[in-house]
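Structure, as structure tokens:
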Amino acid sequence: MQRLLQAIYPDHCLSCGEVSGSDGGLCAACWRDTAFITGLVCDRCGAPLPGDEDEDDVSTPALTCDDCLTIARPWSRGRAALLYRGNGRRIVLALKSHDRADLAQSVAPWLARAAVPIYEPGMLLAPVPLHWFRLFRRRYNQSALLARALARQLGAPLCPDLLLRARHTPRQEGLGAAARFANMAEAIHPHPGRRHHMAARKVLLVDDVLTSGATLAACAEACLGAGAAEVRVLTLARTVKDA
């Protein structure tokens with residue numbers, strides 16, 4: 001029966017749409033062209049670093065990229081699954097802006113693999129919130145979809161409305177780092193009826209892309225202000241400077 005269904009409804013690549021032969025995955029060509037983040041990474045944001053990771057050397061200290069050395073990060077650790085370029089960028093934009101909410105379930109295993117170094121059982125998962133006006137226009141919060149799919153993968157507790165976006169902020173695209181942080185100032189608050197869920201607890205924030213980190217910083221500060229013991233961050237993609 002499964003072979004018959006596969007013949008009638010073959011699986012398609014989630015990037016290019018061609019028949020892929022893999023359930024909810026990428027075709028061979030798109031897999032080769034998708035920049036998954038592997039090897040040495042910044043322990044704060046997940047950006048790739050030069051050098052090779054020695055998986056057998058448990059004494060290797062946590063490394064930090066130049067951005068995280070110069071920009072205050074209220075969270076303690078972070079990871080990302082993809083580089084925000086090529087297929088990684090197309091997948092994120094399809095999920096975010098092209099009504100491809102179904103992609104969240106397909107990329108959840110990638111998020112789960114990226115989360116391995118920073119996730120601890122019992123951590124509370126929470127998405128970066130959207131303002132109600134943008135949520136009304138988009139009809140869904142892509143970060144909430146990612147967080148829900150990841151929670152299923154990890155068997156982790158999830159609070160989808162742990163945080164609220166108190167004011168409608170202009171889009172971050174095209175803004176410099178300083179303008180992004182100014183744009184997010186006082187924009188995120190804990191939900192009054194949910195803040196007790198994070199008291200003295202570690203929180204894992206989930207978002208689609210980390211660029212400057214301004215949005216995640218505002219969310220992390222809101223969590224810490226509400227009594228969270230620690231905040232870590234996980235994103236589907238990470239922007240990096242071209243060498």
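The values are calculated or read from the model by the stated rules, or taken from the named source; none is laboratory data. From a predicted model like this one, the values you see are computed outputs, not experimental measurements. Don't worry about glycine lacking a Cβ; one is built from the backbone with ideal geometry, like all the others, and counts go over all protein chains shown. Protein only, heavy atoms only, side chains kept; ligands, DNA and RNA dropped before computing areas. Shrake-Rupley method; radii C 1.70, N 1.55, O 1.52, S 1.80 Å.
Among beta bridges identified by DSSP and lying wholly in the chain, the antiparallel ones come to about 25 percent.
In percent, how large is the relative contact order of the stretch 98-243, given Cα pairs closer than 8 Å and 6 or more residues apart? List each step's numbers first, then the result.
Details: 250 pairs, mean separation 38.1, N = 146.
This gives 26 percent for the stretch 98-243.
Each other residue within a Cβ distance under 13 Å of LEU69 adds +1 if Lys or Arg and -1 if Asp or Glu, for a net charge of -1.
Model label points for ARG100 and THR239, set 7 angstrom from Cα along the Cα-to-Cβ axis, are 1.9 nm apart.
Heavy-atom accessible area for LEU69, with the other protein chains in place and a 1.4 Å probe, reaches approximately 120 Å². Above 26 Å lies some portion of the pair distances; for the stretch 58-199, what is it as a whole percent of all C-alpha pairs? Within the stretch 58-199, distances greater than 26 Å cover 31 percent of Cα pairs.
In the stretch 79-135, the C-alpha radius of gyration followed by the widest Cα-Cα span (Dmax) gives 13.1, 35 angstrom. Angle of helix 87-97 to the longest C-alpha principal axis of the chain, folded into 0 to 90 degrees and rounded to 10: 70°.
Taking every DSSP beta bridge that has both ends in the stretch 103-243, the antiparallel portion is near 20%.
With q set to 0.11 Å⁻¹, the log10 of I(q)/I(0) for the chain, from the Debye formula over equal scatterers at the Cα positions, is -0.58.
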